[in-house]
Amino acid sequence: MPFNRKEEYESLRLQFDQLQGFLDKEKLMAENGALATEMSQPDFWKDQQAAASKGAKFEMNKKIIETEVEIGEILARVGEAIGDDATTLEDKAIQTDLEKAGELISWLEAQTLFSGTYDEKDAYMMFHVGTGGVDAADWNQMLLAMYLQYAKRKGWQAEVLDITGGGEAGIKNATVRIVGFRAYGWLKSEAGVHRLIRLSPFNAQNLRQTSFALIEVLPDLGDVDVDIRDEDLKIETFKSSGHGGQSVNTTDSAVRITHIPTNITVSIQTERSQTQNKEAAMKILKNRLYLLEQEKRDTEERKLKAANASGDFGHQIRSYTLHPYQQVKDHRSNFETSQTDKVLKEGDLDEIIGSVLLAQRDTDSDKLSGGK
């Protein structure tokens, strides 16, 4: 037993040492110093949403710093006790310390997955039907429902800003705004093509069908300063429509804006005024153009924007197989689960998303170190 405890201690010590390479405590302390100054200003709570976000950031930074210190103290105490050939009573204390250190290290490691520039931001998700006909439109709607369930599990607010019915079934496109702490940090890895394999409910032969849908994810950057010429915009208005295309508004309140030079199109058709829909569409368009400019300046920023691959074979990031067996597999982290209902119907996505974020973090670290 003493040997096993020592082995466990050395494993945790190595894990903690490696983990510290992903943390920048000085940077976090500097951020909190600036935030503390900002939070002390009398007008700080005028924008309650922004203030709440900054307050959450301050508390998270503080907890990360305190946790790192606590882990260091525990491991130092255990290392000294093991070196002193502890008594039976002290051995129990050592085991308690090791378990506590393990829990804290696991929590701290999860925080290193959110070091991106915009990880603390809210997010926009865009759903686009891919190849597969009516099955693909139905699959697109299944994905939308899955992420709405995921947002509910995370305690986030989700608002469907735009949706276009798929005709016979499902949806062609949808735009959703997700508001919550680290919404973009969690959802950014969901960008790409999602593939479904199942027995089709839409043909008499009940044949196996492969369907595709493309998801884009953007951080909500707020009102960014982007110079857009009026002549570069094509603005259309139309009646809002719900699932299947039924009218839910008798006036042309929905707005579609196309940026002609880039062919980027944004549609908003919530049940509000045309002016509000136009403002919301312009906000998303500016976000996309801002990120596009960043991509041109720095190729590393490409990962900020959602996948722009076509919704067909060869680009899928994740497969959901319902026949001839049950499996969800992510092709980047190789994470697999047979609990398809928990993923698709309950939105239980933390484990699979976490596996991707961890794989991407380690890949980025390898690139920075020259692959060593």
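Please find, within the range 4-19, the residue that is nearest to Arg77 (Cα to Cα) out of those that are loosely packed, with under 15 Cβ neighbours inside 10 Å and not hydrophobic (A, V, I, L, M, F, W, C).
Within the range 4-19, the subset loosely packed, with under 15 Cβ neighbours inside 10 Å is 4, 7, 10-11, 14, 17-18.
Imposing the further condition that a residue be not hydrophobic (A, V, I, L, M, F, W, C) reduces the set to 4, 7, 10-11, 17-18.
On the way: Asn4: 17, Glu7: 15, Glu10: 13, Ser11: 15, Asp17: 16, Gln18: 19 Å.
Per the stated criteria, the residue is Glu10.
Name the one entry in Asp227, Asp220 that is of a type in the set (D, E, K, R), over 30 Å from Tyr325 (Cα atoms), modelled with pLDDT under 90 and surrounded by fewer than 20 Cβ atoms within 10 Å (Cβ to Cβ).
From the options Asp227, Asp220, the qualifying one is Asp227.
Can you run down the residue pairs with Cβ atoms below 7 Å, 6 or more apart or on separate chains, where the first is in the range 75-102 and closer than 11 Å to Arg13 by Cβ and the partner is at pLDDT 80 or above and among the basic types (Lys, Arg)?
Here the result reads Leu75/Arg13; Ile82/Lys6, each pair linking the range 75-102 to a residue that is at pLDDT 80 or above and among the basic types (Lys, Arg).
Testing Thr131 on (1) without any contact (Cβ under 8 Å) to a residue 60 or more places away in the chain; (2) out of contact with any helix residue (DSSP H, G or I) (no Cβ under 7 Å at 6 or more places or on another chain), one condition comes back false. Which one is that?
Among (1) without any contact (Cβ under 8 Å) to a residue 60 or more places away in the chain; (2) out of contact with any helix residue (DSSP H, G or I) (no Cβ under 7 Å at 6 or more places or on another chain), the lone unmet condition for Thr131 is (1).
One residue is enough: does the range 27-44 have a residue meeting the conditions touching a helix residue (DSSP H, G or I) at 6+ places or on another chain (Cβ under 6 Å), exposed (fewer than 14 other Cβ atoms within 10 Å of the Cβ) and part of a helix (DSSP H, G or I)?
No, there is no match, as no residue in the range 27-44 is touching a helix residue (DSSP H, G or I) at 6+ places or on another chain (Cβ under 6 Å), exposed (fewer than 14 other Cβ atoms within 10 Å of the Cβ) and part of a helix (DSSP H, G or I).
Residue by residue, here is whether (1) in a helix (DSSP H, G or I); (2) buried (at least 18 other Cβ atoms within 10 Å of the Cβ); (3) at pLDDT 75 or above; (4) not hydroxyl-bearing (Ser, Thr, Tyr) holds:
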residue: Glu293; (1), (2), (3), (4): yes, no, yes, yes
residue: Ala309; (1), (2), (3), (4): no, no, no, yes
residue: Asp312; (1), (2), (3), (4): no, no, no, yes
residue: Ile317; (1), (2), (3), (4): no, yes, yes, yes
residue: His323; (1), (2), (3), (4): no, no, yes, yes
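Please determine whether any residue of the range 72-84 is at pLDDT 85 or above, surrounded by 15 or more Cβ atoms within 10 Å (Cβ to Cβ) and closer than 30 Å to Gln294 by Cβ.
no
One line per residue, one yes/no per condition, for (1) in contact (Cβ under 8 Å) with a residue 24 or more places away in the chain; (2) aromatic (Phe, Trp, Tyr); (3) in contact with an Asp or Glu (Cβ under 6 Å, 6 or more places away or on another chain):
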residue	(1), (2), (3)
Arg5	yes, no, no
Glu8	yes, no, no
Leu12	yes, no, no
Phe16	yes, yes, no
Leu19	yes, no, yes
Met29	yes, no, no
Ser40	no, no, no
Ser53	yes, no, no
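Which one of the conditions (1) at pLDDT below 95; (2) in contact with a Ser or Thr (Cβ under 7 Å, 6 or more places away or on another chain) does Phe181 fail to meet, given that it meets all the rest?
(2)
Which residue is modelled with the lowest pLDDT, if the candidates are limited to the range 85-99 and must be loosely packed, with under 14 Cβ neighbours inside 10 Å and part of a loop (DSSP other than H, G, I, E, B)?
Thr87
So for the range 133-147 (the condition being crowded, with 19+ Cβ neighbours inside 10 Å and farther than 21 Å from Lys345 by Cβ), does at least one residue qualify?
no
When the residues of the range 151-164 are filtered to those that are in contact (Cβ under 8 Å) with a residue 24 or more places away in the chain and farther than 16 Å from Met126 by Cβ, which remaining residue is surrounded by the fewest Cβ atoms within 10 Å (Cβ to Cβ)? Walk me through it before giving the result.
Here is the first cut: in the range 151-164, the ones in contact (Cβ under 8 Å) with a residue 24 or more places away in the chain are 151-156, 159-164.
With farther than 16 Å from Met126 by Cβ added as a condition, the list becomes 152-156.
Numbers: Lys152: 13, Arg153: 12, Lys154: 19, Gly155: 8, Trp156: 19.
The extreme case among them is Gly155.
The values are calculated or read from the model by the stated rules, or taken from the named source; none is laboratory data. In this text the structure is predicted, and so the values were computed from the model without any measurement. A quick note on method: Cβ atoms are made from the backbone with ideal geometry, for glycine too, and the neighbour counts reach across all protein chains shown.
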